[in-house]
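Comments concern the structure below.
The values are calculated or read from the model by the stated rules, or taken from the named source; none is laboratory data. Because the structure is a prediction, the values reported are computed rather than measured. All Cβ positions, glycine included, derive from the backbone under ideal geometry; neighbour counts span all protein chains shown.
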Amino acid sequence: MNNSVTNTARLLWAGLRALLVLTVVTGVIYPLAVTGVAQALFNDKANGSEIKADGKVVGSSLIGQSYTRPLKKGEETPAPDLKWFQGRPQNGLGSNSINTQYKLILSGATNRSADNRELIDWVKAAKAAVVKDNSVAGYTVKPSEVPADAVTSSGSGLDPDISPAYADLQVHRIAERNGLAVARVRKLVDDHTDGRTLGFIGEPRVNVLEVNIALKELLAKS
């Protein structure tokens, strides 16, 4: 009987020591080590790939933002502010019906098939809007020139990038709205066009937030 109690106590003490050691190693030392390495070697990515302008954080290079005008009376959705580069459509975003106290941005796709009537209508309306908004004096956008990312949302609905083709499509409109030369705006796009990752992964892209910050700086200098 005494041996059984002694053995049980010994096993319990061994288990307790293992619990304490693993708690310290996996719950304290490991997280601190990973955090330290991340902050030292990958500070930008570890902190959310923040983008700063005028000394303050204005967003993340990983999350798209909308550039719209204040909502007018009778409008359900605000109109785009056409003096800025516009990102991909965000109609894939879900709505927050769980905690209605806070207006959260939820990611999500439309989950509609290519032959879905509602999706087809969305794409047609989006293409017509792109053609209308970006056609200015001396420059007319043809429907065939509208790239796919201009009329469809990404899988998350929060894609921060657009294709160089969609950025180029907006150059004339941006130039007219801001009183800038087309060549200066096009150079702005070229300077903020990133190539494929490692030269072969993904597609060339333009980060909308970054190019709009550069546009704001250009306007301030002008």
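Could you please find all residues in segment 133-153 being out of contact with any strand residue (DSSP E or B) (no Cβ under 9 Å at 6 or more places or on another chain) and assigned to a loop (DSSP other than H, G, I, E, B)? Residues satisfying the conditions are 135, 137, 138, 140, 141, 142, 146, 151, 152, 153. With respect to the stated conditions, residue 62 fails to be within 21 Å of the chain's Cα centre (by Cα), more than 17 Å from residue 157 (Cβ to Cβ) and at pLDDT 85 or above.
For every residue, the table says whether it meets (1) touching a Leu at 6+ places or on another chain (Cβ under 8 Å); (2) over 25 Å from residue 54 (Cβ atoms).
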{"position": "168", "(1), (2)": "no, yes"}
{"position": "175", "(1), (2)": "no, no"}
{"position": "200", "(1), (2)": "no, yes"}
{"position": "211", "(1), (2)": "yes, no"}
{"position": "215", "(1), (2)": "yes, no"}
{"position": "220", "(1), (2)": "no, no"}
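Scanning segment 154-163 for residues that are over 19 Å from residue 129 (Cα atoms) and either in contact with a strand residue (DSSP E or B) (Cβ under 7 Å, 6 or more places away or on another chain) or surrounded by fewer than 18 Cβ atoms within 10 Å (Cβ to Cβ) (or both) yields 155, 156, 160, 161.
Working only within segment 69-81, note down all residues that are in contact with a Phe, Trp or Tyr (Cβ under 9 Å, 6 or more places away or on another chain) and under 22 Å from residue 107 (Cα atoms). Selection gives 80 alone. Looking at segment 179-192, can you tell me whether even one residue there is part of a loop (DSSP other than H, G, I, E, B) and surrounded by 12 or more Cβ atoms within 10 Å (Cβ to Cβ)? Yes, segment 179-192 has at least one match.
Select from segment 55-95 the residues that are in a loop (DSSP other than H, G, I, E, B), surrounded by 13 or more Cβ atoms within 10 Å (Cβ to Cβ) and of a type in the set (S, T, N, Q) and list them in ascending order. Residues satisfying the conditions are 61, 65, 66, 86, 90, 91.
The residue that is nearest to residue 159 (Cα to Cα), counting only those in segment 193-219 that are in contact with a helix residue (DSSP H, G or I) (Cβ under 7 Å, 6 or more places away or on another chain) and of a type outside the set (A, V, I, L, M, F, W, C), is 204.
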